[in-house]
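One structure below.
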Amino acid sequence: MSLRLDVPVLHGSSVRLEPLAMRHAPDLARAAEEDRSSYGFTLVPRATEIEDYLAAQFARVADGLTPFAQVRVRDGMAVGCTAFWDPRTWPDRQDLCAIEVGWTWLAASAQGAGINLEAKLLLFTHAFETLGVTRVDLKTDARNERSRRAIERLGARFEGVLRSWSPSWAPGEAGKLRDSAMFSVVAAEWPAVKSALHTRLTTVSAG
């Protein structure tokens with residue numbers, strides 16, 4: 001079942017998650033053209049593709065995507081995207097039981113600065129404490145060791161690899177399926193995960 005979620009702006013100290021809009025296109029075009037060496041397994045448009053990319057994101061809203069621009073607080077620049085995806089309801093009920101966090105990319109200059117960490121904290125907090133889900137999913141190309149390590153550092157638990165599960169975004173693999181490494185955080189784990197994320201953010205800010 002596809003649901004349209006009404007999620008407000010989510011505010012953090014280093015990043016603000018705003019519902020994705022065409023006004024973010026100029027910033028995102030610049031962000032996408034910084035060092036692209038970390039995008040080997042990730043869907044990140046080129047500057048000339050930004051408007052088509054945004055239009056495709058908007059079209060996926062009907063299928064359950066809730067996309068955000070990641071806006072860096074210190075300069076107000078949109079430096080990447082992220083999203084809620086695949087909201088699932090309980091059988092025979094309308095309330096949510098699970099949701100995925102994904103479609104994430106950041107400009108090279110925004111990586112390693114705590115923005116991704118705080119964005120995930122904002123999304124997880126909204127998912128567990130406002131939407132009331134029992135589970136948050138995350139997945140990545142099974143070959144993407146960098147992304148897998150980053151997800152594990154969030155406190156998500158590795159659940160295994162689903163073969164030929166998701167579209168591949170690797171160069172030369174258009175139209176092919178990739179193996180996806182699957183991770184999750186469940187509600188019983190959320191208090192400990194939340195505490196650890198806050199501790200990591202404090203360390204990043206102090207650095």
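The values are calculated or read from the model by the stated rules, or taken from the named source; none is laboratory data. Please read all numbers here as calculations on a predicted model, not as lab measurements. Neighbour counts are summed over all protein chains in view; Cβ atoms, including those assigned to glycine, are modelled from backbone coordinates with ideal geometry. Remember, those area values only see protein heavy atoms, side chains included, never the ligands or the DNA or RNA. Shrake-Rupley method; radii C 1.70, N 1.55, O 1.52, S 1.80 Å.
Figures for the structure shown
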| item | result |
| --- | --- |
| Test: residue in the stretch 185-205 that is outside any helix (DSSP H, G or I) and closer than 22 Å to ALA98 by Cα | yes |
| Considering residues of the stretch 169-181 that are open to solvent by less than 60 Å² (accessible area, probe 1.4 Å) and at pLDDT 95 or above only, the residue farthest from GLU129 (Cα to Cα) | ARG178 |
| Boolean, PHE58 is assigned to a strand (DSSP E or B), of a type outside the set (A, V, I, L, M), touching a Pro at 6+ places or on another chain (Cβ under 8 Å) and under 25 Å from ALA170 (Cα atoms) | no |
| Residues being open to solvent by less than 30 Å² (accessible area, probe 1.4 Å) and either within 15 Å of LEU65 (Cβ to Cβ) or of a type in the set (Asp, Glu) (or both) - total across the stretch 12-26 | 4 |
| Output for the stretch 1-31, where each listed residue is part of a strand (DSSP E or B), more than 18 Å from GLN111 (Cβ to Cβ) and aliphatic (A, V, I, L, M) | LEU10 |
| Single match in SER164, SER184, SER195, SER147 (criterion: within 16 Å of the chain's Cα centre (by Cα) and at pLDDT 95 or above) | SER184 |
| Test for THR125: is it outside any strand (DSSP E or B), in contact (Cβ under 8 Å) with a residue 60 or more places away in the chain and β-branched (Val, Ile, Thr) | yes |
